[in-house]
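Down below is the structure, laid out as structure tokens.
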Amino acid sequence: MKITNARVIVCSPGRNFVTLKIETDEGLTGIGDATLNGRELSVAAYLTEHVIPCLIGRDAHQIEDIWQYLYKGAYWRRGPVTMTAIAAVDTALWDIKAKAANLPLYQLLGGKSRTGVMVYGHANGRDIEQTVEEVLRYKEEGYLAIRAQSGVPGLEKVYGVGRGTMFYEPADADLPSEHDWSTAKYLEHTPKLFDAVRSAVGPDIHLLHDVHHRLTPIEAGRLGKALEPFNLFWMEDATPAENQESFRLIRQHTTTPLAVGEIFNSIWDCKDLIENQLIDYIRTTVVHAGGITQLRRIADLASLYQVRTGCHGATDLSPACMGAALHFDMWVPNFGIQEYMRHTEETDAVFPHAYSFADGMLHPGEAPGHGVDIDEKLAAKYPYKRAYLPVNRQQHDGTLWNW
Ligand SMILES: O=C(O)C(=O)C[C@H](O)[C@H](O)CO
Ligand SMILES: [Mg+2]
């Protein structure tokens, strides 16, 4: 089965998405997500100018060879732009292979390992009271796991807090908006938040929290320790992970489970953290970590060390990524949890999909392939709009901080 054509579709149904569509001489097509939030057009150009010309005429069934060709063949390995582009090709090819077999993708990976994919939803509030209300609303909707983020007294704008609705979108302006930061205020506030949330929600709901890279290792150790009485499922991105050794320091101070990896691109970013058992959950997902082909390798490495998966699933990852991730989640033996931030109705209409939510779980559906398509006519009605993620500055002197 030969690849005859491939196209990049950029659209903005509420937010920007980049999608690769691959066509074959047998009439089968597949799609893959190529969205890199705030840097979308770099991947679109990488695909159009440098990848698509190399795909035409290749056998669509040779997923592994094409992956190696794009990875080793570029000479310039790794990095978010390269790996997102490779992921899009990989996802579209797995979609095509599963459609050719007339099977849902999870069957090609090894079949179902579970009845559904446990997800966590995002409860956000401007203060503790509103966050508790949101957590209870998610519980009411059947969620088994809930991430809680709240505004911090004395800080104007912080990561994770939108307008208290089901939809939160951090890429909110055509130049980066500015948030303010105070570690002292955040560390004072967050244990109080979880004290209130845990007493309101009871012992049975899994609770999660995203530090979003804003603490130093020793501060993260202190927070993890303070959160131990509230029994978190995980504390995420406790500190930036470029220096992987820094997680050792956090580990030495707390038994709160640690999750990291949504901004990792390759197995090499995960290797030391996994092999040294410095983390409990690895957050890499399909779109930013080289597709299903590499995600499987990361998961297999992680399984040797009892590290489980917890795929990133924010709204900037398109339904095409979510569909593929859910098939992966259905199969992967060392599954932990899947993030699920709901897309807007506009996005869902542009990407018709077979997956559905029930009783705290997502189900990938039984459609052949990964079960997600793109309505190109509708997509064309939503042209690209430049949108950036925010930056974060220290409140007291304006020093640029991690966001
Ligand atoms: O969903 C999460 O855990 C995030 O941290 C979301 C990120 O801020 C978002 O994907 C950035 O584009
Ligand atoms: Mg995160």
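Quick notes on this one:
- Over all pairs of different C-alpha atoms in the range 107-176, the reciprocal of the mean inverse distance, the Kirkwood hydrodynamic radius, equals 14.0 Å.
- Contact order relative to length of the range 108-368, as percent, for alpha carbon pairs under 8 angstrom and 6 or more apart: 20 percent
- Placing unit charges on the Cβ atoms of the charged side chains and taking the dipole of the chain about its Cα centre, the candidate lying farthest along the positive direction among G111, Y340, I9 is G111.
- Helix 80-100 and the longest principal axis of the Cα set of the chain meet at an angle near 60°.
- Dividing the Cα radius of gyration of the range 221-329 by 2.2 N^0.38 Å, with N the residue count, gives 1.05.
- Residue with peak Gaussian network fluctuation, the chain [Cα springs, cutoff 10 Å], from T19, T285, T48: T48
- Over the range 132-237, all Cα pairs binned in 10 Å intervals from 0 give whole-percent P(r) values of 13, 46, 33, 7, 0, listed from short to long.
- The chain: most fluctuating residue of D90, D375, D280 per GNM, C-alpha cutoff 10 Å: D375
- Angle between the chain longest axis and helix 63-73 axis [Cα atoms, degrees, rounded to 10]: 70 degrees
- Annotation: peptides 314-326, 210-222, ranked by per-residue average of other Cβ atoms within 10 Å with the highest first, follow the order 314-326, 210-222.
- Average accessible surface area per residue within the range 3-104, 1.4 Å rolling probe, Å²: 38 Å²
- Dipole check for the range 108-368: with +1 at the C-beta of Lys and Arg, -1 at the C-beta of Asp and Glu, and the Cα centre as origin, the magnitude is about 760 Debye.
- 20 Å tail of the calculated P(r), the range 3-104, as % of Cα pairs: 33 percent
- Angstrom value of the Kirkwood radius, inverse mean 1/r, which spans all Cα pairs in the range 108-368: 18.7 Å
- Cross-link reach is defined here as a Cα-Cα straight distance under 21 Å, omitting same-chain residues fewer than 8 places apart; for K99 the lysines meeting it are K2, K21, K112.
- Mean separation of Cα contacts under 8 Å, 6 or more apart, over the residue count of the range 3-104: relative contact order %: 33 percent
- Share of carbon and sulfur in the accessible heavy-atom surface of the range 52-175 [1.4 Å probe, %]: 52 percent
- Overall form of the range 320-394 per C-alpha gyration tensor (a/c, 1.5; a/b vs b/c): oblate
- Computed [θ] at 222 nm, deg cm²/dmol, the chain (DSSP H ≥ 4; -39,500 (n - 2.57); rounded to nearest 500): -10500 deg cm²/dmol
- The chain: angle of helix 183-201 to the longest principal axis, Cα-based, in degrees nearest 10: 80 degrees
- Relative compactness, the range 30-167, computed as alpha-carbon Rg over 2.2 N^0.38 Å: 1.44
The values are calculated or read from the model by the stated rules, or taken from the named source; none is laboratory data. Just so you know, these numbers come straight off a predicted model, no measurement behind them. Note: ideal-geometry Cβ built from the backbone for every residue, glycine included; neighbour counts use all protein chains shown. Surface accessibility is based on the protein's heavy atoms, side chains included, excluding ligands, DNA and RNA. Shrake-Rupley method; radii C 1.70, N 1.55, O 1.52, S 1.80 Å.
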